[in-house]
Amino acid sequence: MGNREIILQAAMELFNQVGTARTTTNHIAKHAGISPGNLYYHFSDKEHIIRAIYEQMILDWDKEYDRLENSSLSRLDVLREFIQRNFELLWKYRFFNRETIALINIDPILRQRHLEITKRRFSWQTAFLSNIAGLDDETIRSAADILTVAWITANHYLNYLESTGQTVDRTDFIKGVDLVMLIVAPLLSAGGQRA
């Protein structure tokens, strides 16, 4: 692993532990075991580190989307696996979900990229659910509303757990998969889901 990757890994660990506001580039350099100068050789500031992690996050999600599109599992298993893998990535990059609004308000470049990716992902997920559930045109229109609720639940489940005073580990967080499955169940029924 090169220094660039070591920096990104160290930054992500610190961001997940204490947040981006409380993490400086000096903290990241120390955690990575390199000099601040070495860090600045690769990244001019913390915003560039956050953007690089965001791009890494997109690539990780793209791999999962591609894998699930080519899956030979039953439709119900494909959906559960898709949701499970989404939760795994939401946990891996949990600092971003905790701080999305603050981060995109600070950095207009990140904001534009995030809006573009969110729109693309939402369209893909709507098509994916419509396809595996075998929805007709009328039901597809209501699928977007159901997907919105599922999207909100998945992306804000960690915030909900932590805001109620819980210390959350990965196992607690992954329980959210079942909540999302409950939300999308009407789509499966509407399309005549075959397990």
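Overview of values
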read-out: Cα-based helix-to-principal-axis angle, 94-106 vs the chain, degrees rounded to 10; value: 70 degrees
read-out: Reach of K30 by Cα under 28 Å, taken over lysines that are not fewer than 8 positions away in the same chain; value: K46, K92
read-out: Label selected from [x] 35, 17, 15; [y] 30, 21, 14; [z] 28, 18, 16, the criterion being semi-axes √(5λ) of the Cα gyration tensor in Å as computed here; value: [x]
read-out: Sites matching trypsin sites (Lys or Arg not before Pro) across region 1-80 that sit in DSSP coil, with at most 16 neighbouring C-beta atoms within 10 Å; value: R22
read-out: Size of electric dipole in the chain: Cβ of Lys, Arg +1 and of Asp, Glu -1, about Cα centre, debye, nearest 20; value: 300 debye
read-out: For region 1-44, convex hull volume per residue from C-alpha positions, Å³; value: 57 Å³
read-out: Helix-only [θ]222 nm of the chain, DSSP H runs n ≥ 4, -39500 (n - 2.57) each, per residue, nearest 500; value: -27000 deg cm²/dmol
read-out: Full-extension gain in nm, I152 to K30, via 0.36 nm per residue minus C-alpha separation; value: 40.4 nm
read-out: Length gained when the stretch A102-Y41 is fully extended (0.36 nm per residue, less Cα-Cα span); value: 19.3 nm
read-out: Principal-axis tilt of helix 108-133 within the chain, Cα atoms, nearest 10 degrees; value: 30 degrees
read-out: Farthest toward positive dipole pole in region 75-179 [+1 Lys/Arg, -1 Asp/Glu at C-beta], among L110, T164, F87; value: L110
read-out: Charged-residue dipole, Cβ positions (Lys, Arg, Asp, Glu), region 1-86 about Cα centre, Debye nearest 20; value: 260 debye
read-out: Distance between modelled label sites at Q112 and N131, nm, 7 Å Cα→Cβ extension; value: 3.0 nm
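Readers should treat all values here as calculations from the given coordinates under stated rules, not as data from a laboratory. Everything numeric in this text was worked out from a predicted model, so none of it was measured. Ideal geometry is used to build each Cβ from the backbone, glycine not excepted, and the neighbour counts take in all protein chains shown.
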